[in-house]
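Have a look at the structure below, then the notes.
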Amino acid sequence: MPSQDSMIEIDSNCLNNESNFFKKHSCDDNKEPMFLYRAARKLKQFLKMNISEDFNLHLSRVSQGTLKLLNCTIKVKGRKPPSLGEAQPTKNLEENKSLKEHKKQNDLCFLKILLQKIKTCWNKILRDAKEH
């Protein structure tokens, strides 16, 4: 079983995959807590992908731990998280399979980048805390 760090290594296919999420939300000065809050909430959506039991546990810990450290609680009850998306049912079976594989690859790339940015943002906060 690969380690969590090796599972989040960003391969070259993912480097061109900059999502709108990262354009709208960044770990800029004074925006770190809000970025981490949104990123932790976003992580929860990836638990549906069932990558592996160990990895789901890792994602859950990162998400819940980040929210706990930020002293945030989910206040919106009964709100369903946005779907990761599915292929159109009108497409033929082969196209559906291809679209789902492409979507899964894009989702995995997004997840890898998201985890990397969460790690970088926490490191930035911890480094700033040591300096003050």
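The values are calculated or read from the model by the stated rules, or taken from the named source; none is laboratory data. Keep in mind it's a predicted model, so treat the numbers as computed, not measured. Neighbour counts run over all protein chains shown; Cβ positions are idealised from the backbone, glycine included. Accessible surface is based on the protein model in full, side chains and every heavy atom, while ligands, DNA and RNA are left aside. Shrake-Rupley method; radii C 1.70, N 1.55, O 1.52, S 1.80 Å.
Residues of the range 22-40 that are buried (at least 16 other Cβ atoms within 10 Å of the Cβ) and either within 10 Å of the chain's Cα centre (by Cα) or more than 21 Å from Leu59 (Cβ to Cβ) (or both): Ala39, Ala40. Looking only at the range 31-59, which residues are in a helix (DSSP H, G or I) and farther than 19 Å from Trp122 by Cα? Once the filter is applied, which keeps residues that are in a helix (DSSP H, G or I) and farther than 19 Å from Trp122 by Cα, the range 31-59 yields Gln45, Phe46, Leu47, Lys48, Met49, Glu53, Asp54, Phe55, Asn56, Leu57. Looking for something modelled with pLDDT of 75 or more, open to solvent by 50 Å² or more (accessible area, probe 1.4 Å) and under 12 Å from the mean Cα position of the chain (by Cα) - is there at least one such residue anywhere in the range 106-116? Yes; the residues of the range 106-116 include at least one that is modelled with pLDDT of 75 or more, open to solvent by 50 Å² or more (accessible area, probe 1.4 Å) and under 12 Å from the mean Cα position of the chain (by Cα).
For the range 42-59, residues that are over 18 Å from Gln116 (Cβ atoms) and either in contact with a Ser or Thr (Cβ under 8 Å, 6 or more places away or on another chain) or hydroxyl-bearing (Ser, Thr, Tyr) (or both) total 2.
Residue-level check: of (1) in a helix (DSSP H, G or I); (2) at pLDDT below 85; (3) not aliphatic (A, V, I, L, M), Gln88 misses just (1).
Scanning the range 13-30 turns up no residue that is farther than 28 Å from Asp128 by Cα, of a type outside the set (Ser, Thr, Tyr), modelled with pLDDT of 85 or more and in a helix (DSSP H, G or I).
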